[in-house]
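In what follows, a structure is listed as structure tokens, so that the remarks can point back to it.
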Amino acid sequence: MDWIKIYRGVNQIGGVVTEIRKGNHRILIDFGAVLPGADNAEAADDELVKQVFSDRDVKTDAVFFTHYHGDHVGLKNRIPDDIPLFAGRTAIEIMKLIATGVDFVKIKNGKENETELPVINRIKPYWRPGTYKDFSGIKVMPLVCDHSALDAYMFVIELNGKRILYTGDFRAHGIPGHSTFEKMITQSVGKTDILVTEGTMVSRIAESAHNSIRTESQLRQKAMEIFSSHSENVVLVSSTNLDSVMSFYNAVPEGMAFVCDPYQARIMKIAIEARHKHFPKDYRYRENINVICPDDNEYCMRDLKAFKVPGTDRHPFVMARWELINKKGFAMLARPDRNPAVRPGKFKSLLNEMNDPFIVYSMWGGYLKGGKAEDPAVVSFMDGHMGAGHMELVHTSGHAYVEDLARLMDMTDPDTIIPMHTENVEDFIKVDAFGKYISRIEKKNAGEVYEI
Ligand SMILES: [Zn+2]
């Protein structure tokens, strides 16, 4: 009756739900939706919800969210109201900001009862990272980890005298870097009985070998080169991929303007406030942040304008004035237009007004035309701008490279390795870098239990 069960998200990237069970108690990790474009889901959303909550005798002590990406939190509205929810403190703030926009669209579409803010308001922040809390005999220790979402977590879980490391989505090449990763694993984790690890990159080895940009610091270097040789730079990056957002901000050369919209500015504000103490070189206010206000109406600056850089009298958020910005040259963070019918996007029209824009494409290449998971919004944004000399792919993965997964195995010396979050779990056992660990890999299909 005591087990690890991955309901969904073994042979697919995302839609993750994992259960750690002790008797008739359990905790759940993540409650994700299937990523758009993923056909052949291991289970459809409705079916999954039914599977997870069909046994009324089992008590769910809590749901822990590793991070705010939709493939990990997307079904949070389907969790019964009486179950406690947890996520990182900064992650919750960012989720609230995202929900404001999402709920606006839902209300406009007559879906008031599907709004997200009420559920997010129920989520409590984690206790002190690196310390345990007991949930009916399942001890849980959250650890902050590096991912393309800010304030992401992995967990050490103790159950029946066994130590489990559940990685969630992670990487070692972001702003915190390899040394922070190794220090955390050796000091707070060490020898592990069971390693439940993500394996996104095991099916993308060839693809990542083609990408010369491996780390966030290389991304920043490349962005500096591009911004110095073009004057109309448009950066397509996920607004909540804060390490990359900050790398682009810091790459803007002296005298050039950094431009974004109010939504992006508010996310940057949350991120800088949460992180500037830990990463003072990367998470800081540097140049002004020029905010594009719809119809040049200052109302959109209402909460941003008054803000001062801590310890100074400087207001970093200013309303964008295009006549000035055009003179100086700019790097503008943009987004594809997701809901043109409800909220027409401004970035595509700004792009159309430019003389010779250069697009820095900083998302997974799979979303582009002909890619593994073609995204119509991305394809339409990039239409007419795909030519060599007009765009460049400048992106680092949000997920650990296979060498870092191997390094994690070395540091934790697990007796059993359970892979998940892969495009194809069969690829996991073919990785040369996992050499001596191959015999310890235990492939479990979605819904199968690993007894403890
Ligand atoms: Zn994920």
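The values are calculated or read from the model by the stated rules, or taken from the named source; none is laboratory data. Keep in mind that what you see is a predicted model, and the values were worked out from it rather than measured. Don't worry about glycine lacking a Cβ; one is built from the backbone with ideal geometry, like all the others, and counts go over all protein chains shown. Calculation scope for accessible area: heavy atoms of the full protein, side chains included, ligands and nucleic acids excluded. Shrake-Rupley method; radii C 1.70, N 1.55, O 1.52, S 1.80 Å.
By accessible area, using a 1.4 Å probe on protein heavy atoms only, the range 212-393 has 50% of its surface on carbon and sulfur. With the cut-off at 1.5 for a/c, could you classify the range 91-189 from its C-alpha gyration tensor as rounded, prolate or oblate? Verdict is oblate for the range 91-189. Between amide H atoms placed 1.01 Å from N, distances below 5 Å from Ile417 occur with Leu195, Ile441, Glu442, all of them 5 or more places distant or on a separate chain.
Rounded to the nearest 20 debye, the dipole size of the range 313-442 about its Cα centre is 800 debye, using +1 on the Cβ of Lys and Arg and -1 on the Cβ of Asp and Glu. Out of all DSSP beta bridges in the chain, what portion is antiparallel? Express it as a percent rounded to 5. Restricted to the chain, the bridges split so that about 40 percent are antiparallel. Calculated accessible area for the range 111-159 comes out at 41 Å² per residue, all protein chains present (probe 1.4 Å; ligands, DNA, RNA ignored). Between Asn288, His315, Val360, the Cα set farthest toward the positive side of the dipole of the range 212-393 (charges on each charged residue's Cβ, about the Cα centre) is that of His315. Sorting Ser212, Ser148, Ser136 by accessible area puts them as Ser212, Ser136, Ser148; the probe is 1.4 Å, largest comes first, and only protein heavy atoms count. Only protein atoms count toward the accessible area here, which uses a 1.4 Å probe; on the range 1-118, the carbon and sulfur part of that area reaches 50 percent. Among the GluC sites (Glu not before Pro) found in the range 219-327, those both in a DSSP coil and sparsely packed, with 13 or fewer other Cβ atoms within 10 Å of their Cβ, are Glu254.
Going down the table (Lys108/Lys372; Lys162/Lys277; Lys222/Lys269; Lys269/Lys328; Lys139/Lys183; Lys76/Lys133), which pairs top 27 Å between alpha carbons? Lys108/Lys372; Lys162/Lys277, as the Cα separations exceed 27 Å there. Averaged per residue, the range 212-393 has 47 square angstrom of accessible surface, using a 1.4 angstrom probe with ligands and nucleic acids left out. The calculated FRET efficiency for the pair Lys443 and Ser229, based on their C-beta separation and a Förster distance of 60 Å, comes to about 0.80.
When chymotrypsin sites (Phe, Trp or Tyr not before Pro) are flagged only if DSSP places them in a loop and at most 15 other Cβ atoms lie within 10 Å, the longest unflagged stretch of the chain comes out as 133-452. Here the chain is treated with +1 on each Lys and Arg Cβ and -1 on each Asp and Glu Cβ, and its dipole about the Cα centre works out to around 1140 debye.
The magnitude of the dipole of the range 212-393, with charges of +1 and -1 set on the Cβ of Lys/Arg and Asp/Glu and taken from the Cα centre, is near 580 debye.
Report summary: the helix-based calculation at 222 nm, which adds -39500 (n - 2.57) for every DSSP H run with n ≥ 4 and divides by the residues of the chain, gives -7500 deg cm²/dmol. Our estimate of slack between Asn424 and Arg314, defined as 0.36 nm per intervening residue step minus the Cα-Cα distance, is 34.5 nm. With kT/(6 pi eta Rh) evaluated at 4 °C and eta = 1.567 mPa s, and Rh the Kirkwood radius from Cα pairs, the range 287-326 diffuses with a coefficient of 121 µm²/s according to Stokes-Einstein.
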